[in-house]
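Working notes, beginning with the structure itself.
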Amino acid sequence: MSLQSRPGHRTHTIKEALSLPPSTVVNLNGWIATKSSIGGIKFATIRDGSGYIQVACKRDRVSPQAFQDFESAARESAVAVTGTVREDKRAPGGKEISVTDFAILAPAEEWPITKSAVKASSSFLYDMRHLAIRGRKTAAALRIRAHIVYATFDYFEKEGFTLISAPTIVQNAVEGGSTLFGLDYFGRKAYLSQSAQLYEEAAIAAFGKVFIFQPAFRAEKSKTPKHLTEFWMIEAEQAFANQEDNMRLQEGLVKAMTDRVIKDCSSDLEILGRRFTSPDIPFPRISYDGARDIALKKGVSFEWGEDLPTEAERLISKEFDVPFFITGYPLSARSFYHMTEDINPRVTRSADLIAPEGMGEIATGGQRIHDYNQLMERIKTQELPTEAFDWYLDLRKYGMPEHSGFGIGVERVTRWVCGLKHIRAASLFPRTITRVKP
Ligand code: 4AD
Ligand code: MG
């Protein structure tokens, strides 16, 4: 046997092998996902990240050593398989590999994630997340997340946006002081960034249109199925653009994301048992007042001016089967930088994009104050520390035009697209108020 065809030297990925004609000889590498035996034939399903394939090992087709290794290999062992491709209607994917040689590259101990262990503790799967991520459904959701991000980069590049990055160690609160993680920065107070928005506002004067993809941190006390303490945010900001332009941009992005998932991830959606269609744009719009009326009718009451309570948002979101905007949030429910309507200064030029089916907010965007005096006045009335915002104010002295932008949470979008009960399933290693390990 030539070196090329010995187990351990991969010739194809499993995805490639599944499309090869019968009788092709392949060397595959992967992990054993399942094992079984029927009569004298030993079966295994091998996984390599590109797909799953069934392999069948008969005693009379392989060396005694290879057969013994195949028999003894525990689930999740890393293995090398040599064999020929066979058509087999009963096999998942319609193909099977008839094994001619087999080797264990890295053995596995007995797999600790058992049905009874999962049943015994509700946190077990997340305590064991370093291993549990190998599961079919978990990996499917995380692959869909990856395609949502690929679509984002393609979309913004096509639309002429420049990718930037920004520090995540900062001195400014962007979204209010109550959700800041503080840290000691060589004797000075600093924080983990809640949003890159302020840096994007600086960057638009250099690039016109920018976007960013990076982690955001929130010391959210909320123990809900949509809150993480660390998550990935996609944010975009454009100069010479108002809130109307901003909402159109969000629609285009979400459409690009969902089209991409439909095109590239149909088998992952199937693994998740998720029936999902890409929504048409433009998305419906309702006003904050209209949303409040729906909430009141559904028995959730709150004062005009307060942010939508989580339960109200969930109930309103259940009324829709496509994403929709809630427009015109009161200033009292919004961060300091929001521009208000000329005719009603209590209402901001902002909107939340809400995913349907009870999933809730996936994006927040708005038009920013671009006038120096107006912004200074807002910072003062909200009693924010002017020193921390000096550079942000400074931007308003050097040609700051009308501008707008938004932030959209990657795990929130993934949760909606995949139909996940809890946002933590959309993160490889989720961080919540009760979890910083593994
Ligand atoms: O609504 P947020 O707080 O808005 C901002 O940070 C703006 N400065 C963004 C901008 O205009 N550039 O956060 C934006 C999005 C939310 O709509 C949500 O999708 C996600 O970030 N998000 C969270 N995702 C998971 N867990 C949390 N705790 C989140 N907080 C916000
Ligand atoms: Mg928001």
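The lysines within cross-link reach of residue 297, meaning a Cα-to-Cα straight distance under 17 Å and a gap of 8 or more places when in the same chain, are 318.
Under 5 Å from the amide H of residue 180 lie the amide H atoms of 219, each residue being 5 or more positions distant or on a separate chain, with H modelled from the backbone and absent for Pro and chain starts.
Shape class of the range 164-229 from the Cα gyration tensor (axes a ≥ b ≥ c, square roots of the eigenvalues): oblate, since a/c reaches 1.5 or more and a/b does not exceed b/c. Placing a label point 7 Å from the Cα of residue 270 along the Cα-to-Cβ line, the residues of the range 127-153 whose backbone N sits under 17 Å from it are 136-141, 143-144. Beyond 27 Å in Cα-Cα separation lie the following of the pairs 226/437; 137/298; 15/115; 15/42; 89/137; 263/421: 137/298; 15/115.
Near residue 364, the amide H atoms lying under 5 Å from its own belong to 353, 407; only residues 5 or more places off or on other chains count, and H is placed 1.01 Å from N.
Relative to the longest principal axis of the Cα atoms of the chain, helix 288-297 runs at roughly 70 degrees. Excluding the site residues themselves, the longest part of the chain lacking any GluC sites (Glu not before Pro) in a DSSP loop with at most 10 other Cβ atoms within 10 Å is 111-302. The simple Förster model, with R0 at 56 Å and r as the Cβ-Cβ distance, assigns residue 127 and residue 342 a FRET efficiency of 0.55. Ordering 239, 194, 332 by Cα displacement along the dipole of the chain toward the positive end leaves 194 in first place; charges were set at the Cβ atoms of Lys, Arg (+1) and Asp, Glu (-1).
Of interest is the spacing of the C-alpha centroids, which for the range 33-48 and the range 380-397 amounts to 65 Å. Computed over the alpha carbons of the range 262-407, Rg followed by Dmax gives 18.5, 55 Å.
Relative to the longest principal axis of the Cα atoms of the chain, the long axis of helix 243-264 makes an angle of roughly 10 degrees.
Over the residues of the chain, the helix contribution to mean residue ellipticity at 222 nm works out to -8500 deg cm²/dmol, using -39500 (n - 2.57) for each DSSP H run of at least 4. Label separation (residue 87 vs residue 357): 3.6 nm, computed from points 7 Å beyond Cα along the C-beta direction.
For the chain, the equivalent ellipsoid derived from the Cα gyration tensor has semi-axes of 50, 22, 21 Å, listed largest first.
Simple rule: put +1 on each Lys or Arg Cβ and -1 on each Asp or Glu Cβ in the range 145-236, find the dipole, and look at 210, 167, 227; the Cα lying farthest toward the positive end is 227.
Every read-out reported here was derived from the displayed coordinates using simple, explicitly stated rules and does not represent laboratory data. Being a predicted model, the structure only gives us computed values, none of them experimental. For neighbour counting, all protein chains shown are included, and Cβ atoms are generated from backbone atoms with ideal geometry for every residue, glycine included.
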